[in-house]
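Report on the following structure.
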């Protein structure tokens with residue numbers, strides 16, 4: 001089972017190899033005591049959805065405010081006996097391919113198994129993630145530290161570059177605040193604050209012996225003032241990373257104002273090509289080929305070599321407006337348990353089907369399979385983009 005379902009992410013990596021190339025988050029999970037970072041806090045699983053104009057026959061629902069959260073999906077148990085499995089083959093990685101995968105600490109067991117199954121088909125692992133306590137102090141969850149040490153000891157990181165990802169999520173005395181822009185003002189609201197924050201980020205990265213830093217600060221949206229602070233921050237951070245021989249990745253949402261600022265050249269920019277549809281939208285795919293092309297065109301304005309990020313899994317859209325984030329395994333399980341028949345969407349390559357649950361509620365499920373990922377990555381390749389990142393390890397391929 002594990003070797004077969006491992007094909008979803010393996011196929012994405014294989015597609016990246018064949019084509020010569022290689023965060024939003026559904027919502028809040030139980031969080032640890034802010035005073036005890038050794039307890040587990042699940043960072044949100046998907047990154048903020050990007051809106052698009054709906055097709056003429058689709059009626060757009062009201063969009064959720066950024067502070068509305070949905071529960072993170074738990075990984076399902078092993079499949080039912082009648083669950084169908086895709087036929088996949090383990091790829092061989094030629095020299096020169098450039099593939100990155102995010103590794104979430106809250107899915108340590110499954111993610112580690114997936115890393116072992118994939119073998120040498122990727123060369124970059126991003127450890128997700130460091131975040132902030134109630135006092136705005138960054139910390140690395142103990143699970144992440146243990147994960148890194150165990151992977152290192154097992155030789156699973158040999159020959160791979162590692163990044164520590166920082167997200168603007170904050171623990172509160174009760175609950176947490178996700179994609180917190182007030183936190184960003186506190187951390188990078190002027191150059192003095194940004195300088196102190198850089199010291200903190202570099203120190204944490206060094207403490208884990210990672211090769212680089214990844215900044216995944218989201219939900220800035222149309223806040224031009226905060227965008228200015230952000231660009232100033234990453235400019236200073238890029239200079240510091242260069243001086244200390246650290247690599248730097250910057251994750252960008254599709255709404256980022258790429259042409260309005262001067263971005264530092266000594267950083268790698270990663271565009272999130274997913275959640276075109278999701279929370280707060282009508283049913284649809286995480287990405288469509290024309291949308292991917294438009295994002296690739298935008299990335300040509302950025303310095304350096306662009307990196308396009310794609311997401312596994314999909315969404316189950318309820319007729320009452322609720323949305324579940326689901327992984328590939330769960331999408332297949334729900335399809336088989338309700339006797340649904342999948343179809344492939346021409347605009348996105350995504351699979352979709354409908355079913356009615358036991359309560360009489362109708363559902364529409366959209367998800368990516370191996371052919372979908374090959375199409376998305378191939379589309380980016382045809383646009384001249386040769387690097388890819390995959391969100392994420394942990395339950396999407398087992």
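Nothing in this text is a laboratory measurement; each read-out follows from the coordinates by a stated rule. Everything numeric in this text was worked out from a predicted model, so none of it was measured. Cβ: placed from backbone, ideal geometry, glycine included. Neighbour counts: every protein chain shown.
Note on residue 298/residue 192: beta-carbon distance plugged into 1/(1 + (r/R0)^6) with R0 of 35 Å gives a FRET efficiency of 0.60. If a/c stays under 1.5 just call it rounded; otherwise compare a/b with b/c (prolate if a/b is bigger, oblate if not). Do that for segment 185-310, with a ≥ b ≥ c from the square roots of the Cα gyration tensor eigenvalues. Prolate.
For segment 315-396, just say rounded, prolate or oblate: build the C-alpha gyration tensor, square-root its eigenvalues into a ≥ b ≥ c, call rounded for a/c under 1.5, and beyond that prolate if a/b exceeds b/c, oblate if not. Taking the square roots of the gyration eigenvalues as a ≥ b ≥ c, segment 315-396 is prolate.
Neighbour counts of other Cβ atoms within 10 Å put 312, 162, 356, 289 in the fewest-to-most order 356, 289, 162, 312.
Percent of Cα pairs in segment 269-325 per distance bin of 10 Å, from zero to the largest separation: 23, 43, 24, 9, 1.
If R0 is taken as 56 Å, the Cβ-Cβ distance between residue 343 and residue 185 corresponds to a FRET efficiency of 0.75. Give the distance, in whole Å, between the Cα centre of segment 318-355 and the Cα centre of segment 115-173. Cα centroid of segment 318-355 versus Cα centroid of segment 115-173: 31 Å apart. The modelled label-to-label distance for the pair residue 150/residue 265, using points 7 Å beyond Cα in the direction of Cβ, is 4.3 nm.
Taking a ≥ b ≥ c as the square roots of the eigenvalues of the Cα gyration tensor, an a/c ratio of 1.5 or more together with a/b larger than b/c marks segment 174-253 as prolate. Spatially, segment 211-229 and segment 274-302 are offset by 19 Å when compared through their Cα centroids. Using a cutoff of 8 angstrom between alpha carbon atoms and counting only pairs six or more residues apart, the relative contact order for segment 260-398 works out to 29 percent.
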